Amino acid sequence: MHKKYNKNNIFFKIINGEIPCDKVLETKHSLAFKDINPRAKIHILLIPKNPYLNLNDFISSADKLEKLDIFNAISEVVSLYNLEESGYRLLTNVGKDGHQEVQHLHFHILGGQPLGSFIKKLEIN
């Protein structure tokens, strides 16, 4: 476990069954469930079961099977919700500037409606 990882975060508690979730998919290494505060008609959170702080930590510390599993799980969720043709947004926030609220790697899978532009174009003077 990463030295800075805090086991008091909500995702660690969900993985350990301390807090319930509306499960969509579970694999050996990943768990997907509906977001309790959805930002789109379809808003699924996908997390690794092992304690990784963020994507950087996951890339440097996860083994190949975990990496393969999480991307296969993303693909399976997209398929479960028939988002292949209409499209979806896959998002993970990293660190303070990235507005990461929970210090456990998580991916947001959003879809089921037009999501609009992502970030306003920056005006550079």
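The values are calculated or read from the model by the stated rules, or taken from the named source; none is laboratory data. Everything numeric here is computed off the predicted structure, so don't read it as measured data. Backbone-built Cβ (ideal geometry, glycine too); neighbour counts: all protein chains shown.
Is it the case that S86 is surrounded by 12 or more Cβ atoms within 10 Å (Cβ to Cβ) and at pLDDT 95 or above? Yes. Whenever a residue of region 92-120 is over 17 Å from I42 (Cα atoms), its partners that are exposed (fewer than 12 other Cβ atoms within 10 Å of the Cβ), lying with C-beta atoms within less than 8 angstrom and at least six residues away or across chains, give the pairs N93/H99; N93/E101; Q103/K4.
To keep it simple, each residue is scored yes or no on (1) out of contact with any Asp or Glu (no Cβ under 9 Å at 6 or more places or on another chain); (2) touching a residue at least 60 places away in the same chain (Cβ under 8 Å).
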| position | (1), (2) |
| --- | --- |
| L25 | no, no |
| I36 | no, no |
| K41 | yes, yes |
| K49 | no, no |
| L53 | yes, no |
| S61 | yes, no |
| N72 | yes, no |
| V78 | no, no |
| Y81 | yes, no |
